[in-house]
1. Ignoring GluC sites (Glu not before Pro) that are buried or in helix or strand per DSSP, and keeping those with at most 16 other beta carbon atoms within 10 Å, what is the longest stretch of the chain between them?
2. Taking the Cα centre of the chain as origin, work out the dipole magnitude from +1 charges on Lys and Arg Cβ and -1 charges on Asp and Glu Cβ, in debye rounded to 20.
3. With +1 on each Lys and Arg Cβ and -1 on each Asp and Glu Cβ, how big is the dipole of the stretch 198-371 about its Cα centre, in debye rounded to the nearest 20?
4. Can you give the local net charge around Ala128? Use residues other than it whose beta-carbon is closer than 13 angstrom to its beta-carbon, Lys and Arg +1, Asp and Glu -1.
5. By its C-alpha gyration tensor, with a ≥ b ≥ c as the square roots of the eigenvalues, how is the chain shaped: rounded for a/c under 1.5, else prolate for a/b larger than b/c, else oblate?
Amino acid sequence: MTDVGRDFRRLYGYAPEGVWAAPGRVNLIGEYTDFNDGLVLPLALPHTAVAAVARRTDGHLRVHSGDTGQGVVRLALDDLRPLSDGAGWAAYPAGVVWALRAAGHRITGADIHLASTVPTGAGLSSSAALEVVTALALNDLYGLGLGSAELALLAQHAENAFVGVPCGVMDQMASACCTPGHVLYLDTRDLSHRQVPFDLPARGLALLVVDTRVRHALGDGAYAERRAGCEAGARALGVRTLREVEPVQLPDALRRVSDPVVRSYVRHVVTDNHRVRRTIALLDAGEVRQVGPVLTEGHASLRDDLRVSCPELDLVVAAATGAGALGARMTGGGFGGSAIVLTEEDTVETVTKAVGAAFAEAGHAAPRVFPAVPSAGAHRVR
Ligand code: ADP
Ligand code: MG
């Protein structure tokens, strides 16, 4: 990681007031559930967006990323407009400033320089890391006194309303609230959450992230379409969100939804919420190996019912489980991006090789594989 404090000084000619970090995440289980008031189980990665920040008093925002090759973007706070094209990546930090001001907080400007080790567009929430690190830095510098969940909600509002991505709140909550050695059991209906110990090495296990490096363009519209389909399902069933549908009610609910596409979305959301509950029960009981098949079941549901997987993600799951992994599934929005694999520590090499060989045989570029070490949520570095 480059020294963002030093780079800030070079860029702006003075020292920053502080340095903050916010992580990317992987989601263990509970996918496409967060915009249905559902349950999710993410963990923070060691990969972070790190920002050096100082306040300004002249109503201007300057932002710079060490990762884009672009120059400093300078914006007047009074001119910030939601959904305006042309801001590019700067819309993420600018959106957070806009959201804070829209919520009534007095922000008079900032200089920001950041650099991130979170792979972008890999389903690992590089966008939430940018938003949350910006929100936390401004919260500290301006003494706003907002809690982690409030910052996550503001960051989500920035991404929804300013950038124009209709994401749920999981990514921002994970980046803001996760703790080392734990998964975050989050109920997105009321943001209540619990830190659940997730010490895989102590049990001789490992969780791998496999970044396929594939990004299928159809992902963007498909996400909004799934969201609209889930809302249509809730309307057809007369509930506020699909969260209200319990597993025992599922057969009856499926009979009452006439559209076959919407019906399969309903089935995914209800069964994936239940898979989160089953996973939590297994973790609480110390039956961590039993989580593997639940992950693979979740993948089948995302592939067949929600139809958000792709051949490369399916190949990771097939190759990893074929080589003896306990379970695997795509994670994040799908259509490329990353999968996770739960495996015995002593089969990590076998599984990694098998996935690499399957990709080579299919003519795909080599995937990037690394361990998902449950790491800290957003924090001040200095
Ligand atoms: P994900 O959040 O899964 O990585 P998104 O499409 O939601 O994918 O967010 C990726 C976008 O976030 C990038 O296209 C870019 O605009 C912005 N971004 C992420 N990391 C950086 C960075 N280090 N510097 C500049 N922009 C970044
Ligand atoms: Mg994102």
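1. On the way: sites that count: Glu17, Glu287.
The answer is 18-286.
2. 440 debye
3. Taking the Cα centre of the stretch 198-371 as origin, the dipole is about 540 debye.
4. Computed value for this residue: -3.
5. It is prolate, given that a/c is not under 1.5 and a/b is the larger ratio.
Each reported figure results from applying straightforward, stated rules to the coordinates on display, with no laboratory input. Bear in mind that the values here come from a model prediction, so they are computed numbers and not experimental data. As a convention, Cβ positions derive from the backbone with ideal geometry for all residues, glycine included, and neighbour counts pool all protein chains shown.
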